[in-house]
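Undergrad: First the structure, then my questions, so here it is.
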Amino acid sequence: MAQQPFVLVVEDDDQLRSIIARNLKASGYFVLQAANFSEAVDRIDIKPNLMILDINLPDATGWDVAKWLASFTSPVPIIVISGATPDPKQLEHIEPKAFLAKPFAIEELLELVQQHVPSK
Amino acid sequence: MVKQFAALPFRPDPRPAWYNRLRYLAAALGVTVATGVLWLAQPVLSLGSVYLIYLVIVVAVAVGWGLRQGVLASGLAFLCANYFFHPPVFTFDIAQPQDVLALVIFLGIATLTSQLVASLQREAQEARRSQQVTATLYELSQTINRQHNLASLLQEVTVQLCNVLNLESIIISIVDPGGLGRVTTHSGSSPLAENNADTNVVRLPLTAGVHSIGNLLMKLPAGRRPFDLEERRIVEAFRDQLQMAIERAQLQQTAIQIEVLRRTDSLRLALLSAVAHDLRTPLTSIKASATSLLNMKINWSEEDESAFLGAIVGEADHINSLVSNLLDSARIEEGRLSPHKELHSISDVIETVLERLTPRLKGHPLQTEIEPDLPFIPMDVVEIDEVITNLLENAIKYTPPGTPIHIRAKQQGDAIKIEVADEGPGIPPQHLQYIFDRFYRVAKGGAGPTGTGLGLSIVKGIVEAHGGEVQVSNRLGGGAMFSFTLPLQTSNRSEQPTAVERVNGASVPS
């Protein structure tokens, strides 16, 4: 199953994260989940093809995430999801492919994912 | 501790006429007695010694009784010396012309000396007095600067003024336009009416800028002469200082009011955004689940479908508990939380809550220790459900996944005690005393669980409305422990709104 594109979902709300994961799996993606920043850092051994990132994490700010992302040699495309309007400066640093405001319809997210990392 | 000031040394009142006459008499008597003694001692005295002794008497009289008495004494001494000791004795004739000169010189020196002595004494008195006035003014201003509470400042100052000026009584009355309310401070032996118009009552208006802010009334003891220059200086300097102190207090009050308004405003904003965030999180899951189910492109398994439906139900419950929290918080704030108490089993309530929270307890092993056969207790089931829900949600929210959460219920005297403990990081000790305050949240820098800061204040409000008590502590082995009691019998205390009103003293998050 190595051909499946790999998506990392970083979201602190367990319920939402598992809903997103179910949808991505059903749409043909390989999914890893992280509930917070440190889990995300742990799981990044394999570089994901795409990351879905909630910008308000319990253990990190957008800045921490931005710093972490800057450490990659080639950028990972990111879709930022957030309940609040994020600080434009933070967004500028993260340079997401897309920003999706909560609450969203799941097709919106799936379409964005599909756009950037088409599933087989 | 109010420092007591010594009374100001007052310039003596004008003495009555008889007292003055007595002093002249005493001066004359002094010279007479001295003459008698000198007459007896004449054989061993030279004329020069006689003059010197008279001079001593004159100085003593001037020191003791004053200038005029001194002058009288020198005149008398001059005559006595001439009559009794100058040859020819027992006449006012003077044999030798140079003796006339000696006597005149004696008169001159005696008069001059008594004048010098008397004026020196007066100056020393003045200097002492003015030094004391300065010290008194300094002490008063120190008092005024030291005290920042207006009421205690007025109290302290009235007592001091009363002592310093030997007043019978004093009253300071401040009618404040700036929201301090009316402050009236009284000191002294007899109460003083504000509208007193007696002649021995001195009334000074107090002003702030152009506004009249009150009055200062001082009653002098009967028969006391009016204030002299120094006393007026003290009173006026004191009034100026007092006016400044009042103005300062009013400005402080206004500043506090503005700050409170500002903070209330920012609190409301913070609360609104926290509520918005808290509502949006479950809404997001509901919408994502519902849209997943509606998505025709995916063929969901039964397990997936039930997961989505479960999420919708669970998150709807979550939203409902958030809304209940908000409503309860408003009720507690207005002091109209009135539990509908009926006898219920606390273990049933705990079970219901645990069942409902199961999906959200993921990863936290639950350890329940509920004493069997606990008696039924009077409670509002919906509200106590909310209390336990809030405590458990708190434990879930603030502890790392996987750490156990303990729930215990046991009888303790005539109450049932329920404990919710976790094995998380605990609560920093400096936050413990505020943790039940409205809007209070233990913030951890920029990131961390967000919330309205209402949950625990509601717990406290509800428990107190039931006549119980809430407690929080850090467990020895780490983690926080919240507990509350519910009395077995309905006490009168629970019917009073005072228990919940205290929640309104919401403290402002730091």
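Undergrad: Determine which single condition B:Pro226 fails, assuming it passes every other condition in (1) assigned to a loop (DSSP other than H, G, I, E, B); (2) within 14 Å of another protein chain (Cβ to nearest Cβ).
TA: Unmet for B:Pro226, out of (1) assigned to a loop (DSSP other than H, G, I, E, B); (2) within 14 Å of another protein chain (Cβ to nearest Cβ): (2).
Undergrad: Return the residues of region B:321-357 that are among the acidic types (Asp, Glu) and either out of contact with any Gly (no Cβ under 8 Å at 6 or more places or on another chain) or not in a helix (DSSP H, G or I) (or both); say none if nothing qualifies.
TA: If the condition is that a residue be among the acidic types (Asp, Glu) and either out of contact with any Gly (no Cβ under 8 Å at 6 or more places or on another chain) or not in a helix (DSSP H, G or I) (or both), then B:Glu333, B:Glu334, B:Glu342, B:Asp348, B:Glu351, B:Glu355 are the ones that fit.
Undergrad: Let me ask something additional. Can we say B:Arg248 is surrounded by fewer than 20 Cβ atoms within 10 Å (Cβ to Cβ), in contact with a His (Cβ under 9 Å, 6 or more places away or on another chain) and at pLDDT below 85?
TA: In short, yes.
Undergrad: So if I check each of B:Leu392, B:Leu309, which one is at pLDDT 90 or above, surrounded by fewer than 18 Cβ atoms within 10 Å (Cβ to Cβ) and within 29 Å of B:Ala276 (Cα to Cα)?
TA: B:Leu309
Undergrad: Just checking, which of A:Phe30, A:Phe99 is under 21 Å from B:Arg280 (Cα atoms) and among the hydrophobic types (A, V, I, L, M, F, W, C)?
TA: Every option except A:Phe99 fails the conditions.
Undergrad: Run B:Ala95 past the list (1) in a helix (DSSP H, G or I); (2) small (Gly, Ala, Ser); (3) surrounded by fewer than 12 Cβ atoms within 10 Å (Cβ to Cβ) and report the number of the one that doesn't hold.
TA: (1)
Undergrad: How many residues, within region B:286-306, are more than 7 Å from chain A (Cβ to nearest Cβ), aliphatic (A, V, I, L, M) and assigned to a helix (DSSP H, G or I)?
TA: 4
Undergrad: Out of (1) at pLDDT 85 or above; (2) crowded, with 19+ Cβ neighbours inside 10 Å; (3) touching an Asp or Glu at 6+ places or on another chain (Cβ under 7 Å), the odd one out for B:Arg408 is which?
TA: Failed condition: (2).
Undergrad: Within region B:273-285, is even one residue within 10 Å of another protein chain (Cβ to nearest Cβ), surrounded by 17 or more Cβ atoms within 10 Å (Cβ to Cβ), over 52 Å from the mean Cα position of the chain (by Cα) and closer than 23 Å to A:Leu110 by Cβ?
TA: There is at least one residue in region B:273-285 that is within 10 Å of another protein chain (Cβ to nearest Cβ), surrounded by 17 or more Cβ atoms within 10 Å (Cβ to Cβ), over 52 Å from the mean Cα position of the chain (by Cα) and closer than 23 Å to A:Leu110 by Cβ.
Undergrad: Being charged (D, E, K, R) and surrounded by 17 or more Cβ atoms within 10 Å (Cβ to Cβ) is the requirement here; does B:Asp304 meet it?
TA: yes
Undergrad: Being loosely packed, with under 14 Cβ neighbours inside 10 Å and either at pLDDT 90 or above or of a type in the set (S, T, N, Q) (or both) is the filter here; which residues of region B:474-490 pass it?
TA: B:Gln489
Undergrad: Ok, one more. Sort through B:Ser74, B:Ser119 and tell me the only one that's small (Gly, Ala, Ser) and surrounded by fewer than 19 Cβ atoms within 10 Å (Cβ to Cβ).
TA: Just a single option satisfies the conditions, and that option is B:Ser119.
Undergrad: Name the residues in region B:45-65 that are of a type outside the set (A, V, I, L, M, F, W, C) and in a helix (DSSP H, G or I), would you?
TA: Within region B:45-65, B:Gly48, B:Ser49, B:Tyr51, B:Tyr54, B:Gly64 meet the criteria.
Undergrad: Okay, moving on. If B:Gly314 satisfies every condition in (1) more than 14 Å from every other protein chain (Cβ to nearest Cβ); (2) closer than 28 Å to B:Ala276 by Cα; (3) surrounded by 16 or more Cβ atoms within 10 Å (Cβ to Cβ) but one, which is the exception?
TA: Unmet condition: (1).
Undergrad: Separate question: So, of the residues in region B:340-365 that are among the aliphatic types (A, V, I, L, M) and at pLDDT 90 or above, which turns out to be farthest from B:Pro401 (Cα to Cα)?
TA: Top of the filtered list is B:Leu343.
The values are calculated or read from the model by the stated rules, or taken from the named source; none is laboratory data. Owing to the predicted nature of the structure, the values given are computational and were not obtained by experimental measurement. No Cβ is skipped: glycine too gets one built from the backbone with ideal geometry, and neighbour counts run over all protein chains shown.
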